[in-house]
Amino acid sequence: METFLNPPQQCCPVSDATHVAAARRAAAELGAQAGLDPVRAGELAIVVTEAASNILKHAGHGEILLRALHAGGRAGVEVLALDNGPGMASLATSLQDGRTTAGSYGVGLGAMQRLSSSFDAYSAPGQGTVVWLTLWPQPSQADAAAPPLALDVGVVCLPMHGETACGDGWALACGPTSATVLVADGLGHGPLAADASRLAAQTVLANPAQPASVLLRDVHDALRATRGAAAAVVRIDMLAGQLQLAGVGNIACHAWSDGARRQLVSHNGIVGSNMRKVQEFPAPWDHDGMLILHSDGLGSRWNLDDYPGLARRHPAVIAAVLYRDFSRRRDDVTVLVLRDHQGGQP
């Protein structure tokens, strides 16, 4: 199984011209850490500058979220650009060659798409714009031939305003036919909450093939010396066409299968403290399956049906739209979206 352990995500606000330069510098630092060559690092600077300039020009304010990526022995950078501006009447038209934005860097969305390793976006009149892209070193033939993960994943995980350490955490282990995912919310905020959620993630990744209920008990034992956490573990068996959730505390879990949405429940309690009952709740999983887990830093009054076409976008775009529109802004927040690799865009 390939494993992913909660890489930190950086939020760069964009509301004036100095923020465009700050976002570019932050991206350059991540690109250097990822080992991008000078040409690729320059392309990263171009796309971040264009994304931030577009936010400033068309929406007045927004955010650039940056995250280091690690997969298959390579490192890259993920960029999410979010705004609540007027949106685009036709995203497809804006992606055509020659469609540049006055006052921006001048490469246009189409060129940003070509410079990126992966690209997706969502925009609609009155619903703002979210652009997601990744930049990896130019792949070798061996890298290009490597099979993709069985699941696509998108995540926003950020600390509350004023904190540098995020009390939320997540972990993912994904194989060809199964996956295990955890979202944890350490009690309170700051470094001690982050310690609890990080230990929960490490515990799950130590033996991710165990049933969800077993993993949650392991997390409970590991967190006894911490302040504790709310946590949810989901095991997805793609061959059996089913997932199992074991959760304690206020981590929300929504699962889609065959177009139908189910909300799975967690028991009350605190993992690492007063976890009184562990129970697994099943839900079906198919080739079009999707899972959304989020901490209570995200409000509960969201509905993907309010965003026509959003459910078919990449999970990172879905997570970013929900964060943008429903984050409480006074708590750590995590939104994690998983979807079967066969689902999504045609």
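The values are calculated or read from the model by the stated rules, or taken from the named source; none is laboratory data. Here the structure is a predicted model, which is why all the values come from computation and not from measurement. Don't worry about glycine lacking a Cβ; one is built from the backbone with ideal geometry, like all the others, and counts go over all protein chains shown. For the accessible areas, the whole protein counts, side chains as well, though only heavy atoms, and no ligand, DNA or RNA atoms are used. Shrake-Rupley method; radii C 1.70, N 1.55, O 1.52, S 1.80 Å.
Assorted remarks:
- Using R0 = 22 Å, the C-beta based FRET efficiency linking S118 and A22 works out to 0.35.
- From the coordinates shown, Rg and Dmax of the Cα atoms in Å corresponds to which of [x] 20.6, 68; [y] 24.3, 78; [z] 19.6, 61: [z]
- Accessible surface ranking that places the most exposed of E163, E29 first, with a 1.4 angstrom probe: E29, E163
- Helical content of the chain, expressed as a calculated mean residue ellipticity at 222 nm, amounts to -8500 deg cm²/dmol (DSSP H runs of 4 or more residues, -39,500 (n - 2.57) each, divided by residue number, nearest 500).
- For the chain, the longest principal axis of the C-alpha atoms and the axis of helix 17-33 are separated by about 60°.
- Apportionment of accessible area to carbon and sulfur, the range 158-302, percent (1.4 Å): 49
- Overall, the anisotropy analysis places the range 254-346 in the oblate class: the square-rooted eigenvalues a ≥ b ≥ c of its C-alpha gyration tensor yield a/c not less than 1.5, with a/b not exceeding b/c.
- Once all protein chains are placed together, T18 keeps about 90 Å² accessible to a 1.4 angstrom probe.
- The range 198-268: C-alpha gyration tensor shape, a/c 1.5 cut-off, then a/b vs b/c: oblate
- Solvent exposure of I270, expressed as accessible area, is near 50 Å², computed with a probe of 1.4 Å over the protein chains only.
- Per residue value of the accessible surface for the chain (all protein chains in place, 1.4 Å probe), Å²: 42
- Using heavy atoms of the protein chains and a probe of 1.4 Å, the accessible area assigned to M238 is about 40 Å².
- Rounded, prolate or oblate (a/c below 1.5 giving rounded, otherwise prolate when a/b exceeds b/c) for the range 27-73 by Cα gyration tensor: prolate
- Across R312, R40, R301, R224, the residue with the most accessible area heads the list, and the full order at a 1.4 Å probe is R301, R224, R312, R40.
- The order of H19, H70, H254 by accessible area, most exposed first and with a 1.4 Å probe, is H70, H19, H254.
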